[in-house]
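S.K.: One structure is given below, represented as structure tokens, and several questions about it will come after.
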Amino acid sequence: GRVMPSAINRNPTEAQKEAGNYAKDHVSIHGLDITVENAKGHERSGVGKDGKPWSVSLPAHYGYLKRSEGADGDHVDVYLGPHKKSPRVWVIDQRDAETQKFDEHKVFVYFDSKAQVISTYKKAFSDGKAHQRLGAIHEMSIDAFKDWLKNGDTTKALAA
């Protein structure tokens with residue numbers, strides 16, 4: 001489960017981002033296959049719905065759970081924290097900042113507390129709207145999370 005930041009392309013082109021064909025790191029945590037797109041401290045950037053570019057220095061390693069599908073049609077997103085012995089997973093039902101409707105899940109593995117999850121989540125946004133996006137937070141065991149990932153509906157809010 002050790003992330004190697006040097007294995008990740010820090011400056012993929014927009015075309016590479018869209019296609020997903022740039023160098024990433026891959027780790028296995030609790031039997032979950034995770035692709036790490038951005039290492040802690042690296043800049044993540046893109047263009048918002050409003051057409052404005054954004055950029056944020058990531059507060060934790062960030063990537064996705066392989067062989068999963070989230071509400072946005074992409075893989076389910078995951079943040080990796082510093083507490084490798086934590087037996088808990090937190091899932092945030094992220095909302096759209098403007099409409100307040102469910103957007104997608106953000107998963108937090110290797111975090112020690114709900115407060116740490118919330119703090120990390122808020123630091124992952126540069127537009128000042130993290131608090132508007134922060135929906136219900138669900139704490140579960142690794143086994144319960146794996147069951148939800150395999151058998152649950154990852155395209156709908158857990159709170160639904």
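S.K.: If you take the beta carbon distance between Ala144 and Thr13 as r and set R0 to 30 Å, what does 1/(1 + (r/R0)^6) give as a FRET efficiency, to the nearest 0.05? Display every interim value, and only then the final one.
M.R.: Numbers: r = 39 Å, r/R0 = 1.30.
Efficiency at R0 = 30 Å is approximately 0.15.
S.K.: Give the Rg (one decimal place) followed by the Dmax (whole number) of the stretch 54-112, computed from C-alpha coordinates and expressed in Å.
M.R.: 12.4, 37
S.K.: Computing the accessible area with a 1.4 Å probe over protein heavy atoms, can you report the carbon and sulfur percentage for the chain? Please report the intermediate quantities before stating the final value.
M.R.: Values: 4090 of 8630 Å².
Looking at the chain in its full context, I get 47 percent from C and S.
S.K.: So how compact is the stretch 1-79: Cα radius of gyration and Dmax in angstrom?
M.R.: Rg and Dmax of the stretch 1-79, Cα atoms, are 12.6, 38 Å.
S.K.: Follow-up question, since we're still on this one. Given the alpha-carbon gyration tensor of the chain, what are the semi-axes of its equivalent ellipsoid in whole angstrom, ordered largest first, with each equal to the square root of 5 times an eigenvalue?
M.R.: For the chain, the ellipsoid semi-axes come out as 22, 20, 16 Å.
S.K.: Hey, what's the stretch 90-153 come to in accessible area per residue, 1.4 Å probe, Å²? It would help to have the intermediate numbers written out before the result.
M.R.: Numbers: 3120 Å² over 64 residues.
Value returned for the stretch 90-153: 49 Å² of accessible area per residue.
S.K.: On to the next question. For a label point 7 angstrom out from the Cα of Lys85 toward its Cβ, which stretches of the stretch 1-20 have the backbone nitrogen within less than 17 Å?
M.R.: Residues 1 fall inside that zone.
S.K.: On to the next question. Going down the list Lys17/Lys114; Lys40/Lys106; Lys17/Lys40; Lys17/Lys85; Lys66/Lys101, which pairs span over 27 Å between their C-alpha atoms? Walk me through the numbers before you get to the answer.
M.R.: Working: Lys17/Lys114 31 Å; Lys40/Lys106 16 Å; Lys17/Lys40 18 Å; Lys17/Lys85 32 Å; Lys66/Lys101 25 Å.
Over 27 Å Cα-Cα: Lys17/Lys114; Lys17/Lys85.
S.K.: What whole-number distance in Å separates the alpha-carbon centres of the stretch 103-160 and the stretch 2-28?
M.R.: Each part's Cα centre sits 22 Å from the other's.
S.K.: Suppose only helical runs count, i.e. DSSP H with n ≥ 4. What mean residue ellipticity at 222 nm does that imply for the chain under -39500 (n - 2.57) per run, divided by all residues and rounded to the nearest 500 deg cm²/dmol? Walk me through the numbers on the way to the answer.
M.R.: On the way: 4 runs with 30 residues, N = 160.
Per the formula, -5000 deg cm²/dmol.
The values are calculated or read from the model by the stated rules, or taken from the named source; none is laboratory data. Remember, predicted model here, so these are calculated numbers, not experimental data. FYI the Cβ positions are ideal-geometry reconstructions off the backbone, even for glycines, and counts take in every protein chain you see. The accessibility values were calculated without ligands, DNA or RNA, using every heavy atom of the protein model including side chains. Shrake-Rupley method; radii C 1.70, N 1.55, O 1.52, S 1.80 Å.
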